[in-house]
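The values are calculated or read from the model by the stated rules, or taken from the named source; none is laboratory data. What you see is a predicted model; the values in this text were computed from it and never measured. All Cβ positions, even for glycine, are placed from backbone atoms using ideal geometry, and neighbour counts span all protein chains on display.
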Amino acid sequence: MEAQGVHTDQLRIGDTIEAWHRGRLFHRGRVTGVVPHLDLFWILDARTGTRKLLDPEALEIRHIEEPAEPLLGLSPA
């Protein structure tokens, strides 16, 4: 599930986002830093592994809920 049009002050470190422009996905990754008073934030881009500074005024930011990771090595109770 995703929420459209996320603002910088709604982001938290560790959130996963997608950044879209004109119907194309440009970036996807986890938020690593937020500067709400400048309306900027950084992500660790999932595709390239590099840190990206994003401007939400130039991109449509979508908050993405990650699926829960399976617990490995645990037996059922």
Quiz item: Give me the pairs: first residue in the range 15-28 and free of Cβ contacts under 8 Å to residues at least 60 places away in the same chain, second residue small (Gly, Ala, Ser), beta-carbon distance under 8 Å, and six or more apart or on different chains, which are they?
Solution: THR16/GLY29; ILE17/GLY29; HIS21/ALA58; LEU25/ALA19; PHE26/ALA19; HIS27/ALA19; ARG28/ALA19; ARG28/ALA46
Quiz item: Residue check, ARG12 against (1) of a type outside the set (Ser, Thr, Tyr); (2) modelled with pLDDT under 95; (3) surrounded by 12 or more Cβ atoms within 10 Å (Cβ to Cβ), all met but one. Which one?
Solution: (3)
Practice problem: Consider GLY5 carefully, then state whether it is without any contact (Cβ under 8 Å) to a residue 60 or more places away in the chain, loosely packed, with under 10 Cβ neighbours inside 10 Å and out of contact with any Gly (no Cβ under 6 Å at 6 or more places or on another chain). | Solution: no
Practice problem: Look through the range 23-63, keep the residues that are surrounded by 14 or more Cβ atoms within 10 Å (Cβ to Cβ) and of a type in the set (Lys, Arg), and return whichever of them is nearest to VAL6 (Cα to Cα). | Solution: ARG62
Quiz item: Name the pairs whose Cβ atoms lie under 9 Å apart, with the first residue in the range 51-63 and more than 11 Å from GLY33 (Cβ to Cβ), the second β-branched (Val, Ile, Thr) and part of a loop (DSSP other than H, G, I, E, B), and 6 or more positions between them or separate chains?
Solution: PRO56/VAL6; GLU60/VAL6; ILE61/VAL6; ARG62/VAL6; HIS63/VAL6
